[in-house]
Amino acid sequence: MLRFANSEYLYFLWLIPVLVAFYWFTLKKQNKTLENFAGQKMHSILFPLRSNFKSSLKFGLSLIAFILITIAVANPQIGTKIEDMKQIGIEVYILLDVSKSMGAEDIKPSRLEKAKFEISKLIQKLKGDKIGLIVFAGQAYIQFPLTSDYSAANLFLNAVDFNSVPQPGTAIGPAIDLALKSFRYDDGTKKAIVIITDGEDHEGSVDNSLDEAKSREVSIYSIGFGSPVGVPIPVYDESGVQRGYKKDNEGNIVLTKLDESILKTIAEKTSGKYYRGSNTEDELESIYNDLAKIQQSEYGSKRITEYEDRFYYFLFPAIMILLADFFLTSNRSKWLTRFEKLRGVNK
């Protein structure tokens, strides 16, 4: 199987007819100028060393070298073998709270932005694992399903904001249920869930969700973002200028604080761990280290064709041709003079 790694460079081959036409036009114009200067019979006397043949030969060599170099730059490759590569890893669903309280700035620049930054760093460190993202507030939605395409995962992560889920609240239970339903359990791959939230305004019981996770042997890690003391939630306009703080129906400033109890319970009942979010530490770094200890299993295979570069098959001849062209003069040689006499060519 033959392919070109940089096939876009092959477009330069379209210059070949242009170069040939330009050389032919220049040669014709030069010959016409010489004929106007002196008759054809005087050329051998006035220009004894001039040879159109050797000039054309040098141009031909340069053109061949150009073609070979263009092909070499395009890097032709030959597929030598096809291998079935095993994909080994675990499946991880990250549940990200996007409720308004995650806009508090006790974690800089805000709880949500710090969480997105840590998730992005975690995605960069995962190797072979499948990762998915569920955003939740009053309801839970899949932002992107389990995937090993980490570039696409980062792209979808960047699109997350407070408008991703319009319903207010912090529905942790439904988010866990959605993650558990989205896993495939017939492949034997180890599963894990990471919850990032402030835990405030928790809606409903999570006991059934945790029992289901435990029966499925899904470990849940939780990260609590925020201050237990309570901080106000800033309100920004469309221009990004702060216009005050969120207030309740009576006009009082709403304070949001971290509820660690539910997050600790979730981690303890599912053989996971709870981490307290901070401005300086990377809690997902610790979780990544924990995930790395989980026994990995094969979840699929990928057919990979290995290609070997063959550019040097064209580059080395091009270099030799250019060297020959460099040492080859445009002057008439003795053997060429005898050859032209035999052909009856009068230069």
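Computed from the coordinates by the stated procedures, all read-outs in this text should not be read as laboratory data. These numbers were taken from a predicted model, which means no experiment stands behind them. Note that we place each Cβ from the backbone using ideal geometry, even for glycine, and neighbour counts take in every protein chain shown.
Please work out the FRET efficiency for the pair residue 149 and residue 280, using the Cβ-Cβ distance as r and a Förster radius of 25 Å; give the result to the nearest 0.05.
Computed FRET efficiency for residue 149 and residue 280 comes out at 0.20.
Cross-link partners among aspartates and glutamates for residue 125, C-alpha distance below 15 Å, same-chain residues fewer than 8 apart left out?
91, 149, 282, 283, 285, 290
Anything over 25 Å Cα to Cα? Flag those among 100/269; 190/264; 116/264; 108/246; 127/257, in the order listed.
Violating the 25 Å Cα-Cα cut-off are 100/269; 127/257.
What net charge is computed for the residues neighbouring residue 282, neighbours being all others with C-beta under 9 Å from the C-beta of residue 282, Lys and Arg scored +1, Asp and Glu -1?
Here the count lands on -3.
Once you list every other residue whose beta carbon is under 11 Å from the beta carbon of residue 228, what net charge do they have if Lys and Arg are +1 and Asp and Glu are -1?
Computed value for this residue: -3.
Check which residues have an amide H placed less than 5 Å from residue 246's amide H, if you skip close sequence neighbours.
233, 235, 254
Would you grab the residues whose amide H sits under 5 Å from the one on residue 194? Only those 5+ places off in sequence or on another chain, please, with H modelled 1.01 Å from N.
The list, which skips near neighbours in sequence, is 93, 94, 95, 221.
Tell me, what HN-Hα J-couplings in whole Hz come from the Karplus equation 6.51 cos²θ - 1.76 cosθ + 1.60 at θ = phi - 60° for each residue of the stretch 262-267, using x for Gly and Pro?
5, 6, 5, 4, 4, 5
What does the extension gain come out to for residue 33 and residue 292, with contour length at 0.36 nm per residue minus their alpha carbon separation?
Full extension from residue 33 to residue 292 adds 85.3 nm.
For the stretch 86-302, what are the per-bin percents of Cα-Cα distances with bins 10 Å wide, up to the bin holding the maximum?
8, 36, 37, 15, 4, 1, 0
Please find the FRET efficiency linking residue 310 to residue 26, where r is the Cβ-Cβ separation and R0 is fixed at 41 Å, and quote it to the nearest 0.05.
Efficiency for this residue pair is about 0.70.
Taking amide H atoms as placed 1.01 Å from N in the peptide plane, list the residues 5 or more away in sequence, or in a different chain, whose amide H sits under 5 Å from that of residue 258.
Correct list: 227, 229, 230.
What ranking of 133, 263, 63 emerges when the number of other C-beta atoms within 10 Å of each C-beta is taken as an exposure proxy, fewest first?
63, 133, 263
Normalised by the residues of the stretch 56-191, what does the relative contact order come to in percent, with Cα pairs under 8 Å and at least six apart?
For the stretch 56-191, the relative contact order is 26 percent.
In sequence order, what are the phi-derived ³J(HN,Hα) couplings for the stretch 90-100 according to the Karplus relation 6.51 cos²θ - 1.76 cosθ + 1.60 with θ = phi - 60°, rounded to whole Hz, with x for glycine and proline?
Result, rounded to whole Hz: 10, 10, 10, 10, 9, 9, 10, 6, 10, 5, 4.
Convert each backbone phi in the stretch 24-33 into a coupling constant with the Karplus relation 6.51 cos²θ - 1.76 cosθ + 1.60 (shift: θ = phi - 60°), then list the ³J(HN,Hα) values in order as whole Hz, x for Gly and Pro.
Each residue's phi maps through the Karplus curve to give 4, 5, 5, 5, 5, 5, 5, 5, 5, 5 Hz.
In debye, nearest 20: dipole of the stretch 86-302 around its Cα centre with unit charges on the Cβ of K, R (+) and D, E (-)?
So the dipole magnitude of the stretch 86-302 works out to roughly 600 debye.
For residue 125 and residue 252, calculate 0.36 nm times their separation in residues minus their Cα-Cα distance, and state this gained length in nm to one decimal.
Going from the current span to full extension adds 41.4 nm.
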